[in-house]
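Step one of this worksheet: look at the structure below.
The values are calculated or read from the model by the stated rules, or taken from the named source; none is laboratory data. Remember, predicted model here, so these are calculated numbers, not experimental data. All Cβ positions, glycine included, derive from the backbone under ideal geometry; neighbour counts span all protein chains shown.
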Amino acid sequence: MTHLPTESPVFADLKHLLDQRILVLDGAMGSVLQGYQLEEADFRGEQFADHPSDLKGNNDLLCLTRPDIVEEIHGRYFAAGADIIETNTFSSTTIAQADYALESIVTELNTAAVACARRAAEAAERATPGRRCFVAGAIGPLNRTLSMSPDVNRPDYRAVSWDEVLTAYAEQVRALMAGGVDVLLVETIFDTLNSKAALFAIESVFEETGTRVPVMISVTITDASGRTLSGQTINAFYHSVRHAQPLSVGINCALGAREMRPYLEELAQIAECYVSCYPNAGLPNAFGGYDETPEHMADDLHAFATDGFVNIVGGCCGSTPDHIAAIASAVKNLPVRNVPQRSNAMLLSGLEPLIVA
């Protein structure tokens with residue numbers, strides 16, 4: 001007889017808090033790391049001193065070579081008021097690490113990342129008795145896509161297969177789960193098929209381990225068209241992933257909060273779960289930087305909260321602990337978004353949604 005995975009106690013803990021107040025997610029890791037002015041030697045450490053490829057820019061690797069800095073950044077976000085911080089594992093899959101010829105260390109990478117985050121969470125809880133701090137295992141979108149060809153002359157070609165993506169995600173999820181994450185966060189989704197492979201891998205690992213943790217899902221709308229890079233509207237995307245029964249679904253990256261508003265409003269109206277929003281600190285400037293101040297970003301997210309759009313807020317590219325502190329203050333004591341009843345209609349999707357009542 002097959003037994004259903006047992007739900008982690010974290011489900012009850014998070015739902016209890018989410019029904020009481022808006023929770024705060026952390027901000028960007030890369031933006032803060034830039035302030036440390038790290039060099040190639042920091043990324044190599046002793047373990048990778050003789051590695052044949054350049055490693056500078058592989059931020060996930062710092063969980064092994066400079067865990068002190070990664071842990072410090074997590075701690076700064078908790079000090080700013082974050083309830084949930086993400087592991088530094090956005091690119092910790094064999095597919096993404098192939099760019100650095102580091103496919104073999106993926107399990108070690110994820111394990112170290114969870115340890116950094118968990119130490120910071122435990123320190124924050126000790127500093128404020130009774131506080132609950134959560135660690136979300138960050139699962140990025142990959143640098144290859146299942147829905148689109150990288151070769152305009154061969155539209156049928158794919159640089160990666162479903163099985164390869166599934167295997168890569170499953171390896172990451174096993175390590176994150178074994179390390180002790182509270183939540184799994186599939187984020188910055190630009191290709192729904194990639195995300196569905198991640199969700200399939202997650203469910204497979206839940207069955208393997210006999211344990212289920214909450215799953216958060218966050219999509220990125222790439223421009224003013226209101227669609228993902230692979231062409232789906234926000235409504236169609238939600239129909240594509242609602243079968244996973246996520247704890248939350250939301251929008252992050254690509255846009256600043258103001259540009260994100262119409263798509264977040266639409267998602268808030270249809271999502272039968274909690275809704276998250278962690279935008280960039282404005283749109284990139286001519287130099288690739290982000291100019292949105294903590295105060296302006298906090299004002300925008302305050303408006304989302306007062307309009308009943310969100311249950312979880314935070315920051316993405318360009319955001320810092322100062323941004324998160326301002327956001328946490330701005331949404332404090334504001335009412336939570338009410339989650340609508342789950343629909344019994346058949347909700348289908350291609351690039352557009354289809355509702356069969």
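Annotations
Conditions (1) outside any loop (DSSP other than H, G, I, E, B); (2) farther than 21 Å from Ser218 by Cα, marked per residue:
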position	(1), (2)
Cys277	yes, no
Phe287	no, yes
Asp299	yes, yes
Val310	no, no
Cys316	no, no
Asn338	no, no
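- Top-ranked residue of segment 20-40 - restricted to ones that are of a type in the set (D, E, K, R) and more than 21 Å from the chain's Cα centre (by Cα), ranked as nearest to Ala326 (Cα to Cα): Glu39
- Failed item, numbered, when Cys253 is tested on (1) outside any helix (DSSP H, G or I); (2) at pLDDT 95 or above: (2)
- Any hit, segment 284-292, residues being over 30 Å from Ala345 (Cβ atoms), in contact (Cβ under 8 Å) with a residue 60 or more places away in the chain and in contact with a strand residue (DSSP E or B) (Cβ under 7 Å, 6 or more places away or on another chain): yes
- Pairs, first closer than 11 Å to Glu187 by Cβ and surrounded by fewer than 23 Cβ atoms within 10 Å (Cβ to Cβ) in segment 240-253, second hydroxyl-bearing (Ser, Thr, Tyr) and modelled with pLDDT of 95 or more, C-beta under 6 Å, six or more apart: Cys253/Thr188; Cys253/Thr220
- Residue match in segment 95-111 (condition: of a type in the set (D, E, K, R), surrounded by 14 or more Cβ atoms within 10 Å (Cβ to Cβ), in contact (Cβ under 8 Å) with a residue 40 or more places away in the chain and closer than 24 Å to Pro214 by Cα): yes
- The listed residue being surrounded by fewer than 20 Cβ atoms within 10 Å (Cβ to Cβ), modelled with pLDDT of 95 or more, on the phi < 0 side of the Ramachandran plot and assigned to a helix (DSSP H, G or I), out of His74, His16: His16
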